[in-house]
Amino acid sequence: MLNPVNNDLYDLNEALKAESLTTDDYKEICKRLNRKPNRTELGMFGVMWSEHCCYRNSKPLLSKFPTKGKNVLVGPGENAGVIDVGNNQKLVFKIESHNHPSAIEPFQGAATGVGGILRDIFTMGARPIAVLNSLRFGNLDKPSNVDLLRGVVSGIAHYGNCVGVPTIGGEIDFDECYSGNPLVNVMALGLLETNEIVCSGAKNVGSPVLYVGNTTGRDGVGGASFASSELTATSLDDRPAVQVGDPFIEKSLIEACLDAFKTGDVIAAQDMGAAGLTCSSAEMAANGNLGISIDLDLVPSREDNMSSYQYLLSESQERMLFVVKEEKINNLIEKFNKWGLYANVIGEVIETNEVIISHKNKIVAQIPTSALSDDTPVNFHNVINNPPEYLLKKWEWKENNLPEINEQKILSLKENKSFYYSQIILKLLSNPSIASKRWIYKQYDSQVQANTVFKPGESDAAVIRLREQSEKNKNKVFSGVAASVDCNSRWVSLDPFRGAIAAVAESARNVSCVGAKPVAITNNLNFSSPDTEIGYWQLSSSCNGISEACKALETPVTGGNVSLYNESKNKKDEITPINPTPVIGMVGKLDNVEKAISSEWKNIHDQIWLIGSHKSETTIAASSYLEYFHGEITGRPPKIDLSDEKFCQSFLRNAILKSFVVSSHDISDGGLAIALAECCILSAKGAKIELHKSFNRDDNLLFAEGGSRIIFSIDKMKEKEWLNYLKKFKINSYSSVYVRKIGHVSNETLNINIQDKNICNIRVEELTEKFNNSISDHF
């Protein structure tokens with residue numbers, strides 16, 4: 001082995017701190033190299049061994065996920081997951097985070113988050129067809145949080161709108177714990193356009209390594225390490241670690257790459273995302289069990305006097321690395337030049353399993369590929385045996401701890417019961433976490449590519465029509481895919497295991513509510529420091545919950561992202577961790593996209609029905625009602641019976657397929673009353689509801705959450721056929737699942753009676769005003 005140039009004398013302690021490496025890491029690096037690393041090599045190890053790149057804290061937990069299924073073609077390990085969605089079509093999808101960059105530079109942090117996840121998709125040979133996002137911010141009564149929201153939404157809108165990929169759905173929540181550390185998770189879907197899936201393993205010794213796309217600058221240097229650290233009062237000093245994106249170059253890159261992939265002349269491809277040229281070259285070499293040699297003098301740069309360290313760790317956007325057929329190199333370069341992109345041969349595949357980097361005619365790094373990417377360090381943590389004491393105390397909370405509003409108290413307030421509960425419904429509807437997100441999604445182009453079936457906000461899951469690449473048989477029925485991103489972080493904070501199960505169940509339920517069969521998930525695990533007992537227990541318990549739910553619902557994990565150290569430290573060194581937020585991105589398939597249904601009522605006098613499970617708990621504990629009206633975040637989230645959950649979803653999908661069900665909406669934040677109100681708002685129609693009380697409190701019937709429940713409406717012209725269909729399932733009072741009629745669609749008022757007593761009577765206009773204007777009022 002040649003000895004690389006010692007390209008700086010450096011202070012070891014300062015260098016290890018800068019790269020977020022430990023003394024033990026350094027000893028292991030020396031052992032693997034059989035010498036001391038130079039400063040450039042140390043930087044390469046720093047990014048490759050960061051949590052962002054090698055999952056050093058979470059790898060043992062991720063290995064528990066179910067990853068195989070009859071529809072899964074590519075699981076974890078590649079740039080994105082791939083599933084078979086029928087009709088010889090393959091869907092590529094993944095979710096990624098850009099949390100820390102968005103905290104200090106919201107516009108560019110969010111914009112480049114979109115750009116990065118799109119590259120993961122088209123690197124596999126797929127055309128991006130849709131984007132969704134899952135966002136978390138602090139409460140909007142703080143101007144700083146309003147500014148963060150405005151910047152992030154503008155960044156997502158700018159990049160997605162310019163690049164021509166529709167933003168079709170998402171979720172957003174507000175809680176004080178996110179004030180110093182917002183979450184920006186972006187999910188992308190793509191449809192494979194190549195005959196073969198493009199993978200990342202280098203092949204064929206002597207094959208050229210082709211750099212394509214944008215130039216390399218100093219922006220984003222050390223971004224992977226930055227993303228693996230906590231945010232502090234001095235994090236603004238790390239602003240250069242935030243990348244700067246150009247969606248118009250990305251659009252050109254999409255077209256040029258897909259054109260190149262279709263020729264079959266590209267052997268392997270890798271996006272230059274986190275850790276830039278270091279990660280892309282090392283992973284291509286390791287995945288192909290070969291080596292790679294790179295000459296940095298051949299890399300297109302936008303700045304003068306860049307060091308080898310900066311070249312290798314830059315995370316400048318819109319760049320890709322290919323291994324290509326040598327005899328086709330000129331044709332490929334011509335294709336990229338046609339799109340106004342750089343295309344430079346910067347190295348070759350070599351036989352020895354090494355990454356060799358040269359700069360200014362000197363070797364500046366020479367590292368065995370296995371040293372960088374194989375057997376990367378794992379931080380083992382002990383999982384506490386029992387839930388923390390503070391949670392056990394919260395779990396002791398029962399509904400009878402909450403005073404029930406009785407007739408006497410209402411009379412003393414000189415109000416009637418209907419007025420009282422109507423005011424609670426309006427208050428919940430105006431909470432930003434429940435209210436309409438119209439101010440946000442109106443900034444996104446959801447219709448570009450002309451395949452979006454429902455506009456954002458109209459349905460429980462987004463639905464995209466899948467057009468065949470061939471234009472034959474234009475009258476053919478189109479299939480489709482549905483996608484949803486979900487996580488109730490309040491539930492996860494109060495019980496990580498139950499909360500994570502609920503996140504998977506709700507995302508599947510949302511997909512089922514449009515008529516699609518849930519097929520697979522991608523996940524984004526947003527957590528605080530794993531170095532604390534509670535932080536790691538939350539992460540471990542959530543992973544166990546995801547595994548259990550995915551196995552039961554037969555929705556394997558195809559990949560995802562882990563984002564740790566999501567916490568903020570103020571000038572007094574006081575740490576505020578975020579709520580554990582494992583976001584689930586669920587995809588489902590529709591054989592006939594014309595069968596998909598939305599959430600709003602369709603016709604006056606259509607019957608309104610409710611399906612749910614007696615075994616899945618329904619409770620006020622951990623609910624939005626308890627937090628937003630009573631100011632308490634306590635209780636244990638409801639347990640979900642996954643067998644009943646699966647049955648309820650399957651029952652609903654079959655009823656949709658047979659055209660009995662014309663609208664459906666799952667019951668989640670705010671309970672039954674809010675779900676009914678949302679259907680009224682979407683349709684500008686009312687509902688007449690009759691609820692029967694056995695042992696439940698009135699507020700439980702209205703605002704409790706859980707129960708695997710869905711409300712749906714039945715076409716008024718098919719009532720007789722529906723009742724005959726229902727008899728086949730033999731659902732009775734002894735069944736664990738119930739299906740019952742609770743009312744019908746009416747004109748202009750949401751009217752709810754319990755035991756023949758009216759407890760809610762609100763005009764739809766009033767519901768709509770509260771729901772639609774809550775977030776926009778902060779601007």
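Could you give the nm distance between label points at residue 723 and residue 766, where each point is 7 Å from its Cα heading toward the beta carbon?
The two pseudo-label positions are separated by 3.5 nm.
Sorted by accessible area (1.4 Å probe), largest first, how do 45, 248 line up?
Putting 45, 248 in descending order of accessible area: 248, 45.
When a/c is below 1.5 the answer is rounded, else prolate if a/b is larger than b/c, else oblate, so apply that to segment 36-171 with a ≥ b ≥ c taken from the square roots of the Cα gyration tensor eigenvalues.
oblate
Could you grab the relative contact order for the chain? Cα pairs under 8 Å, six or more apart, rounded to a whole percent.
Here the relative contact order equals 15 percent.
Pulled fully out, how much extra length does the chain show between residue 35 and residue 375, if you take 0.36 nm times their separation in residues and subtract their Cα-Cα distance?
Extending this stretch completely gives an extra 120.5 nm.
When Lys and Arg each count +1 and Asp and Glu each count -1, what net charge do the other residues less than 15 Å away from residue 440, Cβ to Cβ, add up to?
Combined, the nearby Lys, Arg, Asp and Glu give 0.
Quick one: pull the percentage of alpha-carbon pairs in segment 283-322 with a separation above 13 Å.
62
Loop only by DSSP, 15 or fewer other Cβ within 10 Å of the Cβ. Give me the GluC sites (Glu not before Pro) in segment 496-592 that pass, ordered by residue number.
Qualifying residues, ordered by number: 574.
Please name which of 634, 209, 117 has its Cα lying farthest along the dipole of the chain towards the positive end, using unit charges on Cβ (Lys, Arg +1; Asp, Glu -1) and the Cα centre as origin.
Ranked along the dipole, the leading option is 634.
Based on Cα coordinates alone, diagonalise the gyration tensor for the chain, multiply each eigenvalue by 5, take square roots, and list the semi-axes in whole Å, largest first.
Semi-axis lengths for the chain are 48, 29, 22 Å.
Take the solvent-accessible surface of the protein heavy atoms, probe 1.4 Å, and return the percent of it on the chain that carbon and sulfur atoms account for.
47
Can you list the chymotrypsin sites (Phe, Trp or Tyr not before Pro) in segment 595-697 that are in a DSSP coil and have 15 or fewer other beta carbons within 10 angstrom?
695
Are there chymotrypsin sites (Phe, Trp or Tyr not before Pro) in segment 331-408 that DSSP puts in a loop and that have at most 11 other Cβ atoms within 10 Å, and which ones?
Within segment 331-408, the qualifying chymotrypsin sites (Phe, Trp or Tyr not before Pro) (loop, at most 11 other Cβ atoms within 10 Å) are 380.
In the structure displayed, which of 693/716; 70/94; 94/251 lie more than 21 Å apart, Cα to Cα?
Check vs 21 Å cut-off fails for 693/716.
Say each of residue 68 and residue 351 gets a label point 7 Å from the Cα, pointing the same way as Cα to Cβ; how far apart are those two points in nm?
3.6
For segment 714-779, max minus min Cα coordinate along each principal axis, in Å, sorted largest first?
53, 26, 25
Among residues other than residue 360 whose Cβ falls under 11 Å from its Cβ, what is the net charge (Lys/Arg +1, Asp/Glu -1)?
Net charge in that neighbourhood comes out at -1.
Would segment 182-223 count as rounded, prolate or oblate if I go by the C-alpha gyration tensor, calling it rounded below 1.5 in a/c and otherwise prolate when a/b exceeds b/c, oblate otherwise?
Because a/c hits 1.5 or more and a/b fails to exceed b/c, segment 182-223 counts as oblate.
Any idea of the accessible area per residue across the chain, 1.4 Å probe, to the nearest Å²?
Roughly 38 Å² per residue, with all protein chains present.
Given only helices, namely DSSP H runs of n ≥ 4 each adding -39500 (n - 2.57), what is the per-residue ellipticity at 222 nm of the chain, to the nearest 500 deg cm²/dmol?
Calculated mean residue ellipticity at 222 nm is -10000 deg cm²/dmol.
Of all DSSP beta bridges located in segment 477-582, what percent are antiparallel, nearest 5?
Among the beta bridges of segment 477-582, antiparallel pairing accounts for roughly 50 percent.
On full extension of the chain, what length is gained from residue 195 through residue 24, given 0.36 nm per residue of separation minus the C-alpha to C-alpha distance?
Using 0.36 nm per residue and subtracting the Cα-Cα distance, I get 57.0 nm.
Quick check on segment 248-360: take the gyration tensor over C-alpha atoms, sort the square-rooted eigenvalues as a ≥ b ≥ c, and tell me if it's rounded (a/c under 1.5), prolate or oblate.
Oblate, since a/c reaches 1.5 and b/c is not below a/b.
Expressed as a rounded percentage, what relative contact order does segment 291-371 have, with Cα pairs under 8 Å and six or more residues apart?
50
Give me the distance in nm between label points sitting 7 Å out from Cα along the Cα-to-Cβ direction at residue 438 and residue 362, one decimal.
The answer from the label model is 6.4 nm.
Can you give the extra length, in nm with one decimal, that the chain gains between residue 389 and residue 650 once fully stretched, where that is 0.36 nm per residue apart less the Cα-Cα distance?
90.1 nm
Calculated FRET efficiency, residue 748 and residue 659, Cβ-Cβ r, R0 35 Å, to nearest 0.05?
According to the calculation, E is roughly 0.80.
How big is the accessible area of residue 551 in square angstrom, nearest 10, if you roll a 1.4 angstrom probe over the protein chains?
Counting only protein heavy atoms, residue 551 exposes about 130 Å² to solvent.
Hey, what's the per residue convex hull volume over the C-alpha atoms of segment 650-777, in cubic angstrom?
Spread over its residues, the Cα hull of segment 650-777 gives 130 Å³ apiece.
Once ligands and nucleic acids are excluded and a 1.4 Å probe is used, how much of residue 100 is accessible, expressed in Å² to the nearest 10?
0
How high is the FRET efficiency from residue 297 to residue 59, r the C-beta distance, R0 30 Å, rounded to 0.05?
So the FRET efficiency works out to roughly 0.25.
Whole percent per 10 Å bin, from 0 to the bin with the longest distance: what is P(r) over all C-alpha pairs of segment 414-567?
9, 27, 30, 22, 9, 2, 0
The values are calculated or read from the model by the stated rules, or taken from the named source; none is laboratory data. Fair warning: this is a prediction, and the values are worked out from it, not measured in the lab. Positions of Cβ are backbone-derived with ideal geometry, glycine not excepted, and every protein chain shown enters the neighbour counts. Please note that ligands, DNA and RNA were not included when accessible areas were found on the heavy atoms of the full protein model with its side chains. Shrake-Rupley method; radii C 1.70, N 1.55, O 1.52, S 1.80 Å.
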